[in-house]
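Here the structure comes first, spelled out in structure tokens, and everything after it is commentary.
The values are calculated or read from the model by the stated rules, or taken from the named source; none is laboratory data. Everything numeric in this text was worked out from a predicted model, so none of it was measured. Neighbour counts are summed over all protein chains in view; Cβ atoms, including those assigned to glycine, are modelled from backbone coordinates with ideal geometry.
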Amino acid sequence: MGKDTIADIITSIRNADMNRKGTVRIGSTNITESIVKILLQEGFIENVRKHRENNQYF
């Protein structure tokens, strides 16, 4: 069974909002970057920053 990337992103953002967290870390892939870009354009999220740690992007 595959991983549901869209549900994971939305769940992470929803959980962070419910717990009053200002930051959500999501692994960076082409799909996640496209989804986050749409969420940013539609106003569901305020800011996006790509972070590199140990040769992995978040």
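Taking segment 3-34 on its own, how many of its residues are among the basic types (K, R) and within 16 Å of V48 (Cα to Cα)? Spell out the reasoning first.
Looking only at segment 3-34, we keep the residues that are among the basic types (K, R), and these are 3, 14, 20-21, 25.
Checking which are within 16 Å of V48 (Cα to Cα) leaves us with 14, 21, 25.
Total satisfying the criteria: 3.
Starting from segment 16-33, take each residue that is more than 20 Å from K3 (Cα to Cα) and list its partners that are modelled with pLDDT of 90 or more and loosely packed, with under 13 Cβ neighbours inside 10 Å, counting only C-beta distances under 9 angstrom and pairs at least six apart or across chains.
Filtered contacts from segment 16-33: K21/N15.
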